Every structure is written in structure tokens, then in C-alpha cells.
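The structure under discussion appears below in the form of C-alpha cells.
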Amino acid sequence: MADESFKEFVLDQLSALSDVRARAMFGAHGLYQGERFFAILDEGRQSQADYVARGMGPFAYESKGRVMTMGYHEVPPDVLENAPELIEWARRAIKIASARPKGPARKAK
């Protein structure tokens, strides 16, 4: 798993938002507010129009020899360094995540 210092930095930057936490997933971390998943942290990558407009690429990972991409994009470095702006970007991502219907519950195997 990646260096924990980046995760701690991002959580500190988002500390003004209530109930934000990171949970390990895919060898990275998912960011949640309550039960709403809104971002991925992986070597400095996170959650489309604002990200694409800033030229930030999609989150991609390798699985079974194939490169998989997701609908999450990298956060521009200047936004990441500016806590108030990062919080606004996170609020937009949380609002979008909250508008999505929850998928069916997964059955335990």
C-alpha cells in the first residue's frame, strides 16, 4: 500500500467536512463521507467535467494484465494544496455521489 502520509495529508485538508474517512480498497484508499463513496486516493489520484477541464486524467489500474479505467479523475495539484478549494471540490463530488442510487447489497460469500 502507498505511503500513509499522503492519505493523512488529504484527510487533514478535508478536516472541515464532517464524517470523512479513508478505507483501504484496491491497494489504495476510498474516501467516504458517511456511507457515500466519493473519491479514490492512489499515489495522489482522486475523483468529471471540472477534472477533465483542468486536463486531469482518469484513475486507471492494472488487473489481470489489462488496464482498467474508472470515472474518477486526478485532482489538480494546486487544488490539493489549497484546503478550502479542495473542500469545495469534495463537496461537489459528495453531492454527485449522494444523488446516485445505491446499488443492490452484495451477498457475502
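The values are calculated or read from the model by the stated rules, or taken from the named source; none is laboratory data. Computed from a predicted structure; not experimentally measured. Positions of Cβ are generated from backbone atoms using ideal geometry, with glycine treated the same way; all protein chains shown enter the neighbour counts. To get the accessible areas, we keep the full protein, side chains included, count just its heavy atoms, and leave off ligands, DNA and RNA. Shrake-Rupley method; radii C 1.70, N 1.55, O 1.52, S 1.80 Å.
Take Ala2 and tell me if it is over 13 Å from Trp89 (Cα atoms), at pLDDT 85 or above and either in a helix (DSSP H, G or I) or not β-branched (Val, Ile, Thr) (or both). For Ala2, the condition - over 13 Å from Trp89 (Cα atoms), at pLDDT 85 or above and either in a helix (DSSP H, G or I) or not β-branched (Val, Ile, Thr) (or both) - is not met. Considering the conditions (1) assigned to a strand (DSSP E or B); (2) at pLDDT below 85, Ala24 is excluded by exactly one of them, (2). Among the residues of region 88-101, those identified as within 15 Å of Ile40 (Cα to Cα) and either open to solvent by 60 Å² or more (accessible area, probe 1.4 Å) or at pLDDT 90 or above (or both) are Arg91, Arg92, Ile96. The lone criterion from (1) modelled with pLDDT of 80 or more; (2) assigned to a loop (DSSP other than H, G, I, E, B); (3) surrounded by 13 or more Cβ atoms within 10 Å (Cβ to Cβ) left unmet by Leu31 is number (2). Within region 51-81, restricting attention to residues that are open to solvent by 60 Å² or more (accessible area, probe 1.4 Å) and assigned to a loop (DSSP other than H, G, I, E, B), the residue that is nearest to Asp12 (Cα to Cα) is Glu81.
In this structure, is Ala16 at pLDDT 80 or above, closer than 16 Å to Val79 by Cβ and surrounded by fewer than 17 Cβ atoms within 10 Å (Cβ to Cβ)? Give the steps one after another, and end with the answer.
Working: at pLDDT 80 or above: yes; closer than 16 Å to Val79 by Cβ: yes; surrounded by fewer than 17 Cβ atoms within 10 Å (Cβ to Cβ): yes.
For Ala16, the condition - at pLDDT 80 or above, closer than 16 Å to Val79 by Cβ and surrounded by fewer than 17 Cβ atoms within 10 Å (Cβ to Cβ) - is met.
Scanning region 35-48 for residues that are open to solvent by less than 80 Å² (accessible area, probe 1.4 Å) and either out of contact with any strand residue (DSSP E or B) (no Cβ under 9 Å at 6 or more places or on another chain) or at pLDDT below 80 (or both) gives Arg36, Ile40, Leu41, Asp42, Gly44, Arg45, Gln46, Ser47.
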